[in-house]
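First up is the structure itself, then whatever we jot down about it.
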Amino acid sequence: MNPSTPDTIVLIHGFWVTPRTWEQWIPYYEAKGFRVIAPAYPGFEIEVEALNADPTPVEALTVPAIIEHLESVVGALDTPPILMGHSAGGAFTQVLLDHGYGAAAIVMNSAPTEGVRAIPASQVRATWPVLKNPANHHKAVGLTYEQWHYAFTNTFADEGESRRLYERYAVPASGRILWNSVLANLEPGPQDIWVDYHNDERAPLLFISGEHDHLMPPAVQRSNATHYKSNTVTEVVEFPGRSHLMPAQAGWEDVADHALEWALAHAGQPASAPS
């Protein structure tokens, strides 16, 4: 490995799941010679089963606490890592990138950063279990299997696999954070998931979108990417036939390989004209 090549990959999970969703990616990248870190949100260091039994850490979760924790993890590394975030983890990855962390970043089916107003109908339906009731602002809100299947695994041909992953990965999500993300575009001033879209100093960024993702559809990824106006590399690629749970969907290796190859090709790349 070239001395200037990143030797560490940081994998950031999304909502309704924990770092367990990266369980196949960690040994896959380690076998390629990388150190791999998959940090949990504060309070999510316990197992899925324990978090479902007592979702208090989910109720207490805030975006500033997540960002502070992720920055402490990434900031402690000797050299800038490759950042990869899925779903809400994609939005947090964008914030980290804007704050000067990372050599390159990949976001998969990313939640949007502040100012992105694309709201496809499928996204409304997928998040409705939380947003249908303002009282959920103070709660940890889980999904039924049917809601999970619609939001996460709608293209899975094997329903048994979809159910297995629901039982293995699914945890409640923070109503507070989801509600705040909706309200952020209605309130004045920067909110929790604000980034400087004109930041010429940030590292290269790739959006990977699943063609049939209901929760964070391609329209959201494209809109998020077009908000960036800086002289830095920002690209979008769409994987056909994929749903939201790309890290665990059959063929995930293709996504993992594309993400790593792109990151290595662009890490440390100087600013250029927006793509």
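Does region 36-43 include one or more residues that are hydroxyl-bearing (Ser, Thr, Tyr) and touching an Asp or Glu at 6+ places or on another chain (Cβ under 9 Å)? Scanning region 36-43, I find no residue that is hydroxyl-bearing (Ser, Thr, Tyr) and touching an Asp or Glu at 6+ places or on another chain (Cβ under 9 Å), so the answer is no. Exactly one residue out of 254, 200 is under 25 Å from residue 122 (Cβ atoms), out of contact with any helix residue (DSSP H, G or I) (no Cβ under 7 Å at 6 or more places or on another chain) and acidic (Asp, Glu), and it is 254. Can you confirm whether region 59-82 contains a residue that is at pLDDT below 95, closer than 17 Å to residue 170 by Cα, in contact with a Ser or Thr (Cβ under 6 Å, 6 or more places away or on another chain) and crowded, with 16+ Cβ neighbours inside 10 Å? Looking for residues that are at pLDDT below 95, closer than 17 Å to residue 170 by Cα, in contact with a Ser or Thr (Cβ under 6 Å, 6 or more places away or on another chain) and crowded, with 16+ Cβ neighbours inside 10 Å, one finds at least one in region 59-82, hence yes.
So that you can scan it fast, the table gives a plain yes or no per residue for (1) in a helix (DSSP H, G or I); (2) in contact with an Asp or Glu (Cβ under 8 Å, 6 or more places away or on another chain); (3) farther than 22 Å from residue 141 by Cα; (4) of a type outside the set (Asp, Glu):
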{"position": "9", "(1), (2), (3), (4)": "no, no, yes, yes"}
{"position": "26", "(1), (2), (3), (4)": "yes, no, yes, yes"}
{"position": "32", "(1), (2), (3), (4)": "no, no, yes, yes"}
{"position": "51", "(1), (2), (3), (4)": "yes, no, no, yes"}
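A residue that is surrounded by fewer than 24 Cβ atoms within 10 Å (Cβ to Cβ), of a type in the set (Val, Ile, Thr), under 23 Å from residue 167 (Cα atoms) and touching a residue at least 12 places away in the same chain (Cβ under 8 Å) occurs nowhere in region 87-107. Residue 57 - would you say it is assigned to a helix (DSSP H, G or I), without any contact (Cβ under 8 Å) to a residue 24 or more places away in the chain and within 22 Å of residue 255 (Cβ to Cβ)? No, not satisfied.
Touching a Leu at 6+ places or on another chain (Cβ under 8 Å) and surrounded by 14 or more Cβ atoms within 10 Å (Cβ to Cβ), is that true of residue 212? No: the conditions fail for residue 212. Yes or no: region 156-167 includes at least one residue that is surrounded by 15 or more Cβ atoms within 10 Å (Cβ to Cβ), part of a helix (DSSP H, G or I) and among the hydrophobic types (A, V, I, L, M, F, W, C). Looking through region 156-167, at least one residue is surrounded by 15 or more Cβ atoms within 10 Å (Cβ to Cβ), part of a helix (DSSP H, G or I) and among the hydrophobic types (A, V, I, L, M, F, W, C).
Return the residue satisfying two criteria in turn: it lies in region 27-38 and is farther than 16 Å from residue 80 by Cα and in contact with a helix residue (DSSP H, G or I) (Cβ under 8 Å, 6 or more places away or on another chain), and of such residues it is surrounded by the most Cβ atoms within 10 Å (Cβ to Cβ). Selected residue: 29. Would you mind stating whether residue 126 is surrounded by 15 or more Cβ atoms within 10 Å (Cβ to Cβ), assigned to a helix (DSSP H, G or I) and touching a helix residue (DSSP H, G or I) at 6+ places or on another chain (Cβ under 6 Å)? Criteria met by residue 126.
The values are calculated or read from the model by the stated rules, or taken from the named source; none is laboratory data. None of the values given here were measured: they were computed from a predicted structure. Cβ atoms come from the backbone with ideal geometry, glycine included; neighbour counts cover every protein chain shown.
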